[in-house]
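The values are calculated or read from the model by the stated rules, or taken from the named source; none is laboratory data. As the structure is a prediction and not an experimental result, all values here were calculated from the model. Cβ: placed from backbone, ideal geometry, glycine included. Neighbour counts: every protein chain shown. In case anyone asks, the SASA skips ligands and DNA or RNA and just uses the protein heavy atoms, side chains included. Shrake-Rupley method; radii C 1.70, N 1.55, O 1.52, S 1.80 Å.
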Amino acid sequence: MSTHGILGTGAEAEGTTASSHSRAGLGARRIGTPALVFMIIAASAPLTVVAGGVPSNFAVTGLLGIPLSFVVLGIILVLFAIGYAAMSRHVHNAGAFFAYISKGLGKPVGMGAALTALVAYNSMQIGIAGMFGFVFSSFLDSLFGLQVAWWICALIAWVIVGLMGISRVDFSAKVLGIIVGTEFLVVIVFDIIGFSHSPEGVTADGLLPDQLFAPGVGAALAFSIAAFMGFESGAIYNEEVKDPKRTAGRATIIAVSIIAVFYAFSAWAMTVGEGASSVVGRSQKFGPDLMFVFLGEHAPVWFVDLANLLFLTSLLAALVAFHNIVARYFFALGRDRVLPTVLARTSRRTGAPVAGSLAQSGIALIVILVFAFVGAGSEDPLFPVVTLFTWLTNMGAFGLVLLMALTALAVVGFLRSHSREYSLWTRAIAPGLSALGLIVLFMSIVINFNVLIGLEGTSVLSWLLPAIVLVPGIIGTAWALVLRARRPQLYAGVGSGGSLG
């Protein structure tokens with residue numbers, strides 16, 4: 001891999017900019033705490049999690065304790081968010097994991113984390129496009145009798161997301177806020193109906209420890225952590241928030257708390273609504289359709305149609321949220337010359353990381369078309385779900401949990417020098433406990449990866465998909481060591497863009 005390919009030209013390395021774009025920075029001071037909370041929650045796609053993730057978890061693991069899994073993970077991630085929020089007061093960088101790990105564990109590890117994060121976030125975003133294509137195609141067929149290929153439906157979302165990615169970030173925040181608000185309303189109605197129906201009464205089933213901590217608990221936690229992916233994105237917007245020292249940290253803690261409580265409560269409502277003796281069997285029978293089947297049995301037809309439509313918008317919101325994250329990672333890595341500096345270009349009109357946005361759109365287009373070509377001969381209508389969605393989103397979760405564990409350790413390393421500002425709990429105990437929990441969770445994902453991608457026994461995919469996430473990280477770390485030896489001045493600037501110390 002050549003120096004020119006990674007770093008751009010010498011002129012670029014010295015900060016040359018194009019006339020139509022600026023690399024000075026992102027659109028600043030546009031996002032407040034409420035807007036950022038909505039953007040964080042949008043990435044986790046509340047309706048998608050409750051309608052798709054929860055019944056899938058019941059079906060695959062056979063455990064009743066899925067509601068409790070969200071509580072357990074919520075505690076781990078709140079502990080993570082405490083240290084993460086403290087560090088966000090000092091490190092304001094659109095490449096959050098990249099910058100945090102560079103500051104706390106060293107630049108070689110940080111550069112490796114940067115490339116792993118890029119692959120992981122791209123995987124999450126593109127994988128969700130596969131689910132969107134399938135759901136939109138099914139929606140058009142059931143309501144209008146139109147048979148449109150899943151990949152065409154995915155490309156419709158690709159166009160919408162691409163246009164929003166080069167728009168002002170506060171515009172995206174407003175759109176995502178509306179979508180997330182309606183998602184919450186639909187799920188709350190489902191929860192109310194579930195508790196009202198309760199064929200076996202309102203019990204604590206689903207929240208009892210022995211119903212989670214049994215054989216299969218690792219797979220259950222690995223499934224449930226995917227519901228939280230994107231919660232850490234608050235710090236990625238720290239260069240664009242109204243109060244860089246407080247907004248991202250506050251929004252992260254609020255968002256992860258809301259997500260944990262809401263998902264636990266809604267999964268419990270599903271357990272109560274279906275009945276503890278039936279929820280696993282019904283989940284195995286209907287899968288991601290369970291919520292809509294239940295609503296069809298207990299709610300008006302128009303509401304079921306509305307819920308299906310909002311399922312689509314939920315996926316679209318997640319696509320926009322992850323697209324924005326990837327675009328900002330490209331921006332941060334381009335600015336620090338880890339990747340070609342052209343990726344640091346922003347729009348003078350909107351402040352959006354336009355080069356990073358276009359790069360993410362280009363990657364997504366290629367992958368969607370490859371899967372469309374490969375799946376052209378498949379007669380399985382679920383092809384984009386069982387391949388593109390399942391493979392890539394689990395790759396993303398695999399990489400992001402590893403990065404969160406490293407970030408928690410980086411927080412401990414970084415805050416050691418800020419002992420007068422923060423208590424021992426904030427700078428060491430909370431992030432240390434979260435690191436331990438995240439490491440255990442990561443090992444659970446490794447052990448259960450075949451289960452997560454729907455395979456039995458060992459297979460090529462069980463090592464190939466994780467390798468696609470990890471190998472770029474190893475290359476990034478090796479490249480950092482080369483830069484440290486050969487180009488120390490450039491190496492010194494890695495992870496520093498936008499940071500205030």
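At a glance:
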item: Unmet requirement for G162, which otherwise passes all of (1) farther than 20 Å from V304 by Cβ; (2) more than 21 Å from the chain's Cα centre (by Cα); result: (2)
item: Count of the range 107-120 residues which are within 18 Å of the chain's Cα centre (by Cα) and buried (at least 24 other Cβ atoms within 10 Å of the Cβ); result: 7
item: Which listed residue is at pLDDT 90 or above, of a type outside the set (K, R) and within 24 Å of the chain's Cα centre (by Cα), from S257, S233; result: S257
item: For G104: the one exception among (1) buried (at least 22 other Cβ atoms within 10 Å of the Cβ); (2) in a loop (DSSP other than H, G, I, E, B); (3) in contact with a helix residue (DSSP H, G or I) (Cβ under 6 Å, 6 or more places away or on another chain); result: (2)
item: Odd one out for T271, checked against (1) closer than 25 Å to G177 by Cβ; (2) touching an Asp or Glu at 6+ places or on another chain (Cβ under 6 Å); result: (1)
item: Count - residues of the range 199-252 that are of a type in the set (F, W, Y) and part of a loop (DSSP other than H, G, I, E, B); result: 1
item: The range 373-405, subset of a type in the set (S, T, Y) and either open to solvent by 30 Å² or more (accessible area, probe 1.4 Å) or more than 23 Å from F330 (Cβ to Cβ) (or both), residue farthest from the chain's Cα centre (by Cα); result: S378
item: Residues of the range 294-323 satisfying the condition of being touching a Phe, Trp or Tyr at 6+ places or on another chain (Cβ under 8 Å) and within 14 Å of P353 (Cα to Cα); result: F322
item: Conditions (1) at pLDDT 95 or above; (2) surrounded by 19 or more Cβ atoms within 10 Å (Cβ to Cβ); (3) farther than 15 Å from I128 by Cα; number of the one not met by V370; result: (2)
item: Tally of residues being modelled with pLDDT under 90 and either open to solvent by 20 Å² or more (accessible area, probe 1.4 Å) or aromatic (F, W, Y) (or both) across the range 330-346; result: 3
item: Test: residue in the range 356-367 that is open to solvent by less than 30 Å² (accessible area, probe 1.4 Å), touching a helix residue (DSSP H, G or I) at 6+ places or on another chain (Cβ under 9 Å) and hydrophobic (A, V, I, L, M, F, W, C); result: yes
item: Among residues of the range 419-443, those that are within 15 Å of I82 (Cα to Cα), of a type in the set (V, I, T) and open to solvent by 30 Å² or more (accessible area, probe 1.4 Å), counted; result: 1
item: P431, sole failed condition from (1) outside any helix (DSSP H, G or I); (2) at pLDDT 95 or above; result: (1)
item: Subset of the range 165-213 [of a type in the set (A, V, I, L, M) and open to solvent by 30 Å² or more (accessible area, probe 1.4 Å)]; result: I166, V175, I178, L185, I188, V189, I192, I193, V202, A204, L207, L208
item: Close pairs (6 angstrom Cβ cut-off, 6 or more residues apart or separate chains): closer than 13 Å to A86 by Cβ in the range 234-252, hydrophobic (A, V, I, L, M, F, W, C) and surrounded by fewer than 24 Cβ atoms within 10 Å (Cβ to Cβ) anywhere; result: G249/A85; T252/A85
item: Total residues in the range 444-467, condition in contact (Cβ under 8 Å) with a residue 40 or more places away in the chain and either surrounded by fewer than 19 Cβ atoms within 10 Å (Cβ to Cβ) or more than 18 Å from the chain's Cα centre (by Cα) (or both); result: 8
item: Residue within the range 299-311 that is touching a residue at least 12 places away in the same chain (Cβ under 8 Å), part of a helix (DSSP H, G or I), β-branched (V, I, T) and surrounded by fewer than 19 Cβ atoms within 10 Å (Cβ to Cβ) present; result: yes
item: Of residues in the range 52-91 being open to solvent by 30 Å² or more (accessible area, probe 1.4 Å) and not in a helix (DSSP H, G or I), the one farthest from F442 (Cα to Cα); result: R89
item: Residues located in the range 123-170, provided they are among the β-branched types (V, I, T), in contact (Cβ under 8 Å) with a residue 60 or more places away in the chain and outside any loop (DSSP other than H, G, I, E, B); result: I126, I128, V135, I160, V161, V169
item: Answer residue from the range 246-259, given it is of a type outside the set (K, R) and open to solvent by 10 Å² or more (accessible area, probe 1.4 Å) and is nearest to P34 (Cα to Cα) among those; result: I254
item: Search result, residues across the range 264-281 that are open to solvent by 40 Å² or more (accessible area, probe 1.4 Å) and either in contact with a Leu (Cβ under 6 Å, 6 or more places away or on another chain) or within 26 Å of I75 (Cα to Cα) (or both); result: F265, W268
